[in-house]
Amino acid sequence: IRVKFVTKNPAIRVTETPFSVPIKLARAGLSQVVNHLLNTTAPKPFDFLIDNTFLRTTLEKYVVTNHLTDEAVLILEYVEAHLEPEESQSQNHPDWISAVSSFNEYHRRHGLLRWHPPCVCSVGGTARVGQRYDQYFEKSLLCGPQHSIIAWRKLSFIMARHTAAVLAVAVDPHQAHVLYSGSMDRSIKLWDLTTERCTQTMTGSSTLSDISVSTNGTILSAHPDNHIRLWDPRAAKAGTTLVQATFSSHKQWVSAVEWSPSHAHHFVSAGYDGSVKLWDSRSSIPLFTLAAHTGKALDVAWLPNPKPAFVSGGEDCQLKFYATTA
């Protein structure tokens, strides 16, 4: 079958003239072709995308599945393959690590939150607590089993529209007045903090245990039904489905999910199966599955390092640090 190799990285660009390759080739064989064209002495593994979706089969199976003919020219975008994250260190703690965060502007924790000096608030109980500092909204965000979100330095207002416990809140990365909440009532709600009103409700098929908002406004949600879902609130206006994709790999409850701050398509997840997974949203299969914890993996967060890295905490009282390549 004829293929055309394209890339956004000029350092690894090869000829874009279409030519024929064996239809039985998959990722490994296509990587060999690109390395041959690059004439490199140190071959690299590559990933390949067709229509912005990773190729995870042979070219033949892709052609058959998508009802194409052998005469089609497949445009293959290639990127350097992500190397498996390496555990850089592990720290033992005296009790379960139920939540982790490295960002000064946003922290969450079950049970107790203590802030870096000067301490703004310390909250006991079982609620999830969030903190967001910016020019617009210098208050705490508290959510929990009372079905409400409370914004306070001292109590400012209560947003009560959920019908079950609120398990997660997140602030829009670009619009500090936009708040997202996820609840056991199976809904994600968008709030306008200037009006203190709910502006949109998106209801799914399962309770939510965590949410993460990307820089382009898409939302990842973690669920007890072992799945991760990708939502686009803008789809409601377009009349299309709100859930754009479902990621299914965890064997038990997905406890946490978080978009990468440095890569538009990457995210990590943690689950009660003890695993931490690194994903690319363009593929339904995780890039890597790490057997991170004995017992439940309870939370995961990206670190603000010059090179991408993330940290996870679990039921085994271990805090695990992982270095990654992208």
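Odds and ends about this structure:
- Reach of Lys277 by Cα under 20 Å, taken over lysines that are not fewer than 8 positions away in the same chain: Lys251, Lys296, Lys307, Lys320
- Protection proxy ranking, peptides 288-298, 251-261, average beta carbon neighbours within 10 Å, highest first: 251-261, 288-298
- Counted by neighbouring Cβ atoms within 10 Å, the residues Ile1, Ile219, Ile158 run from fewest to most as Ile158, Ile1, Ile219.
- Once the Cβ-Cβ distance of Arg2 and Thr246 is raised to the sixth power relative to R0 = 41 Å, the FRET efficiency obtained is 0.80.
- Label point distance in nm, Gln200-Arg234, each placed 7 Å from Cα along Cα→Cβ: 0.9
- Stretchable slack from Gln175 to Ile158, in nm (0.36 nm times residue separation minus alpha-carbon distance): 4.1 nm
- For Asp299, residues with placed amide H under 5 Å, excluding near neighbours: Gly313
- Where labels lie 7 Å past Cα in the beta-carbon direction, separation of Thr40 and Lys307 in nm: 1.7
- Whole-Hz Karplus values for region 54-68 come out as 5, 7, 10, 9, 6, 4, 4, 5, 5, 4, 5, 4, 9, 6, 9 Hz, taken residue by residue from phi with 6.51 cos²θ - 1.76 cosθ + 1.60 and θ = phi - 60°; glycine and proline positions read x.
- Mean Cβ count within 10 Å, highest first, over the residues of peptides 190-203, 234-247: 190-203, 234-247
- Within the straight-line cut-off of under 16 Å between alpha carbons, the aspartates and glutamates reachable from Lys8 are Glu16, Asp47, Asp51, Glu77, Glu80, sequence neighbours fewer than 8 places apart in one chain being disregarded.
- Each residue of region 34-41 was assigned a 3J(HN,Hα) from its phi angle through the Karplus curve 6.51 cos²θ - 1.76 cosθ + 1.60 (θ = phi - 60°); the sequence is 5, 5, 5, 5, 6, 6, 8, 7 Hz, with glycine and proline shown as x.
Only the coordinates and a few stated rules stand behind these numbers; no lab work does. If you're wondering where the values come from, they're calculated on a predicted model, not measured in any experiment. Note that each Cβ is placed from the backbone with ideal geometry, even for glycine, and that neighbours are counted across all protein chains shown.
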